[in-house]
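Accompanying notes for the structure given below.
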Amino acid sequence: MGMRASHRFRVIGLISGTSIDGIDVAAADLHAEDGTVVLTPLGELDVPYPEPLREGLLAALPPNPCTAGELTRLDTGVGQAFADAARRGAAELADGRADLVASLGQTVFHWVEDGHVRGTLQLGQPAWIAEATGLPVCADLRARDVAAGGHGAPLASTLDQLWLRDLAEDTGRSVAALNLGGIANITVVADGEPVIAYDTGPANALLDLAAHRIAGQRSDVDGRLALGGSVRSDLLLRLLADPYFAAAPPKSTGKEHFNADYLDSALTGLDPVGAGDLLATLTELTAVTVADQCRRHGVTTVIASGGGVANPALMTALARTLRSAVLKTSDDLGLPGAGKEAYLTALLGWLTWCGVPGTVPSATGARGPRVLGALVPGPGPLILPAPLGGAVTRLRVAEKAG
């Protein structure tokens, strides 16, 4: 009996990560073949934010104050920037033919108290996207998981558990997907075990902050600053003493925690730390905290994606600290690492559109699976397909035809 394909839709996925450098756009064809979702990547774009908007967003992040007026202006600015990015994605990646836009927006605050997430705020009003594209929009994808007692993150666990299940079963070993954005998160998939996913700590957040302070750069380009320094063990020990690293999962974090105040308090009272040494130490912090968590779960293969993959200093430190595990990138498995989070967003939108839950409760800590997001109609009434029915248990990345 042949696999029957159904619920075939073309989705534009949009996200701006915690690094706030711009909007990742991906277009994907998605359909179901029995219990497998087949994702065909059609291409990805990186659309930088207009500089005044980027500066406004960075200025609104904790520990800085922010007014309701400024938040409103930013919500509109991000919404309009996402609308332009969606329009470009539909035109340039999807031949002008798309069924749905999915937006994870721009996280500006992740409210964590006593290890529980009380709320999370993503900017980027989806009405602008619907107005600009003439397509329905699925947005606000984290809030329902939070309302159900979850962390609303890392949602990458949804894609990772479907995508890596076959690899975990074939090898009989634990496989981890690692996303190196502003914050690093892992998803651990092991045969017959519940999926575990959580934020391990900072990835690029502190590196970008230090590179900006020292050299006026957005990031440590090609890891050059870090490669010119050496690790200061006194500073590393102070950074590692933060209780977040020892806390048990599920857990999530962000720039509310790993920011300038955290770095300054670790540097207080130490002998002056040179530029290269500071970047080398922060790079080591990311590598050590990721490797510790991978060892904790007996991971033998790590598949990395996100902006940090382009940093050779970070990848070299990871390969060294992971020791017994093999380090690969998601590109090695056919999923473009630069656009992986935007493809994740497209997948989440497709799941919601088809009436399928989009969270992994064992990963986010939610009370149960939930259909995610809020839907904004396109130009006409919102007409959803009949629910898919049944569980989706695997994801296969297919090659684009032609």
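What full-extension length gain, to one decimal in nm, is calculated for Arg73 and Arg8 as 0.36 nm per residue of separation minus the Cα-Cα distance?
Working: separation 65, 0.36 × 65 = 23.40 nm, distance 3.67 nm.
My answer for the length gained is 19.7 nm.
Show me the ranking of peptides 35-46, 234-245 by mean Cβ neighbours inside 10 Å, starting with the highest. Working shown, then result.
On the way: 35-46: 18.8, 234-245: 15.8.
Taking the mean over residues of other Cβ atoms within 10 Å, the ranking is 35-46, 234-245.
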Taking 0.36 nm per residue of separation between Ala310 and Leu382 and subtracting their Cα-Cα distance, the length gained on full extension comes to 21.9 nm
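Share of region 1-73's accessible area from carbon and sulfur, percent, 1.4 Å?
Working: 1820 of 3200 Å².
Carbon plus sulfur share of accessible area: 57 percent.
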Quick calc: nm separation of the 7 Å Cα→Cβ label points for Arg367 and Arg323 -> 4.3 nm
For region 184-326 the mean separation of alpha carbon contacts under 8 Å (6+ apart) over residue count, i.e. relative contact order in percent, is 31 percent
Under the 7 Å Cα-to-Cβ spin-label approximation, Asp166 and Arg396 lie apart by a distance in nanometres of 0.6 nm
Any aspartates and glutamates whose Cα falls less than 13 Å from that of Lys255, other than same-chain ones fewer than 8 residues away, would be Asp199, Asp208
Expressed per residue, the solvent accessible area of the chain in Å² (1.4 Å probe) is about 40 Å²
Toy charge model, Lys and Arg Cβ at +1, Asp and Glu Cβ at -1: the chain dipole around Cα centroid in debye, rounded to 20, equals 600 debye
Under the 7 Å Cα-to-Cβ spin-label approximation, Asp332 and Thr268 lie apart by a distance in nanometres of 4.3 nm
The answer for Asn185, listing residues at least 5 apart or on another chain whose modeled amide H is closer than 5 Å to its amide H, is Asn179, Thr200
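Express the relative contact order of the chain as a whole percentage, based on alpha carbon pairs under 8 Å and six or more residues apart in sequence. Before the final figure, lay out the partial values.
On the way: 917 pairs, mean separation 92.6, N = 402.
Result for the chain is 23 percent.
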Cα-only Rg/Rh for the chain with Kirkwood Rh rounds to 0.95
Descending packing, highest mean Cβ count within 10 Å first, for 273-286, 248-261 is 273-286, 248-261
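Tally up the carbon and sulfur contribution to the accessible surface of region 181-239 as a whole percent, 1.4 Å probe, everything protein left in place. Kindly include the intermediate steps, with their values, before the conclusion.
On the way: 1260 of 2390 Å².
Roughly 53 percent of what the probe reaches on region 181-239 is carbon or sulfur.
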In cubic angstrom per residue, the convex hull of region 278-398 built on its Cα atoms measures 168 Å³
In a Gaussian network model of the chain with springs linking alpha carbons closer than 10 Å, the residue among Pro385, Pro361, Pro369 that fluctuates most is Pro385
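The values are calculated or read from the model by the stated rules, or taken from the named source; none is laboratory data. Given the structure is predicted, the values throughout are model-derived calculations rather than measurements. Note: ideal-geometry Cβ built from the backbone for every residue, glycine included; neighbour counts use all protein chains shown. Each accessible area value is taken on the protein alone, full model and side chains, heavy atoms only, with ligands, DNA and RNA left out. Shrake-Rupley method; radii C 1.70, N 1.55, O 1.52, S 1.80 Å.
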